[in-house]
Amino acid sequence: MSIFSKLLEIESKHNVKLHEGENFKQAVYNEQMTDSEDCIIDKIELILKHYPNSQDISLSTYQSDETSDDSFCYAVV
């Protein structure tokens, strides 16, 4: 099951809308995401646990730039 299928499953299960930013989509499509799919799902579920009335959740990235020693791209929820 792809990450996007898992995100749709979360949307229907928790009656929440997930908004994937362009950077998030590109990192997933280009396989540049440092976080695993399970890690991303865990981050979303943690938000839903602490903020159960959430209606909209945005997904973006925090990524390295040319000044970084190592390349990384983490999901930000």
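Just so you know, all these numbers are worked out from the coordinates, no wet-lab data involved. Remember, predicted model here, so these are calculated numbers, not experimental data. So basically every Cβ, Gly included, is an ideal-geometry build from the backbone, and we count neighbours across all protein chains shown.
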Pairs of Cα atoms under 8 Å, at least six residues apart: use those to get the relative contact order of the chain, whole percent. 36
Answer in debye to the nearest 20: the dipole magnitude of the chain about its Cα centre, from +1 Lys/Arg and -1 Asp/Glu charges placed on Cβ, is 480
Leading residue at positive end of dipole, the chain (Cβ point charges), from Ile40, Phe24, Pro52: Pro52
So, R0 is 22 Å and r is the distance between the beta-carbons of Glu22 and Phe72; what FRET efficiency does that work out to, to 0.05? 0.75
Just the Kirkwood number for the chain, please: inverse of mean 1/r across all distinct Cα pairs, in Å, one decimal. 13.0
Residue-averaged [θ]222 nm for the chain, counting only DSSP H segments that reach four residues, each worth -39500 (n - 2.57): -13500 deg cm²/dmol
Excluding Thr61 itself, calculate the net charge of residues whose Cβ lies under 11 Å from the Cβ of Thr61, where each Lys or Arg counts +1 and each Asp or Glu counts -1. -2
Over the chain, with a Gaussian network built from C-alpha contacts below 10 Å, which listed residue (Leu46, Leu59, Leu18) shows the highest mean-square fluctuation? Leu46
Linear extension gain, Ser12 paired with Gln32, 0.36 nm per residue minus alpha-carbon span: 4.5 nm
In a Gaussian network model over the chain where Cα atoms closer than 10 Å are linked, find which of Lys13, Lys25, Lys43 has the largest mean-square fluctuation. Lys13
With a cap of 10 neighbouring Cβ atoms within 10 Å, and only residues DSSP puts in a loop, list the chymotrypsin sites (Phe, Trp or Tyr not before Pro) found in the chain. none
